[in-house]
Structure formats: C-alpha cells, structure tokens
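Before any comments, here is the structure.
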Amino acid sequence: MLADTIKHYDSLFAPLDFEIVTERLPPMPLPKVVLEQFLHNGITNALKYALQEGIRPKLKFGGGWSNTGEPYWFLEDNGPGLLTDKSPAHDPAKAEQKKHKGQGIGLSKLREQLAFYSGDLLLQSGGRQGVKLVVTVHK
C-alpha cells in the first residue's frame, strides 16, 4: 500500500528532487482508506510547506510497537514546522494560516477517522525543525 501511494506522486517527485526514506512498518489495523489519508496528508504537506520555504523536501516513514504493544506509524518531514504551540490537528482555527494558508482540515478529518477506530494522531513540531505525525491504534 505504501508503494502504491508513493507511486501516485511519482510525477511530482522527479522534478522536485523529493527524498523518501522508508523504515519497516508494522501491520496497522485500520482501513486502507484511513492509512492512505494519513500518507497523502503527510506527503502533500511536506511538499507544499518545504517548497514554499525553498527546502528540498525529505520525508521519513517508519513505525513500530509502543511499550504497551500498540502499533504506530510515523511520517516525519524536514519542512518549516509549526511556529505555534497549537497544531492544526488540535485546533484548525489556530493553525499557522497567515503564513502557509493551511487550515488543518485534512489533519482534523484524519483525527476524527482515527478516533472511530480507537486510533490517535499526535503531531510534534519543534518550531522550524519539521513536523512528525504519529498514528497509534489502541487496544
């Protein structure tokens, strides 16, 4: 599934010199459409925001198992990050809309879908050090 989603963006990757690093991903007990939305959101945000800042986009996919045995996937980019404490995943109205024109709607929808399947979305950003999205499914 990851390969299919990445292949969808092949026409964009070549001219942009977009780098993708993939680590081993554990099976994730979520519908394919939810996982594709997670991947699509991470890829498009990485492309959009890195290119706006003149950064060569780099995206790292990975995952594993938490200490409690719950599977997780993450997407980490090298873009400009979020400059506020509030993330679009938590509060779309407080997202960095002025600079990037983002509304956080994609992450909010993803968060709602994950909640339906006992999943959670965590967004981490250290200022101008990129963004890391982590999806976890709870037992």
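Bear in mind that the values in this text are calculations on the coordinates, not laboratory data. As the structure is a computational prediction, the values presented were derived from the model and not from experiment. When we count neighbours, we look across all protein chains shown, and the Cβ atoms used for this are built from the backbone with ideal geometry, even at glycine.
Coupling constants for segment 56-64 follow from the phi torsions by the Karplus curve (6.51 cos²θ - 1.76 cosθ + 1.60, θ = phi - 60°), and in residue order they are 5, x, 9, 10, 10, 9, x, x, x Hz; glycine and proline get x. Among the listed pairs K109/K132; K48/K139; K48/K132, a Cα-Cα separation exceeding 24 Å is found for K48/K139.
Neighbour counts of other C-beta atoms within 10 Å: give me L51, L107 arranged from fewest to most. Don't skip to the answer; put the middle values down first.
Numbers: L51 14, L107 25.
Going from least to most buried by this count: L51, L107.
With a simple spin-label model that places each label point 7 Å from the Cα along the Cα-to-Cβ direction, the separation between Q52 and T22 comes to 2.8 nm.
Derived scalar couplings between HN and Hα for segment 40-46 equal 4, 4, x, 5, 5, 5, 4 Hz in order, rounded to whole Hz, by the Karplus curve 6.51 cos²θ - 1.76 cosθ + 1.60 (θ = phi - 60°), x for Gly and Pro.
Across segment 131-139, rounded Karplus estimates of 3J(HN,Hα) from the backbone phi angles (6.51 cos²θ - 1.76 cosθ + 1.60, θ = phi - 60°) give 10, 10, 9, 10, 9, 10, 10, 8, 6 Hz, Gly and Pro being marked x. Amide H contacts of T22 (H built 1.01 Å from N, in plane; Pro and chain starts excluded): F61 sit under 5 Å, all sequence-distant by 5 or more or on other chains. Modelled label positions at W65 and F116, each set 7 Å beyond Cα in the direction of Cβ, lie 2.9 nm from each other.
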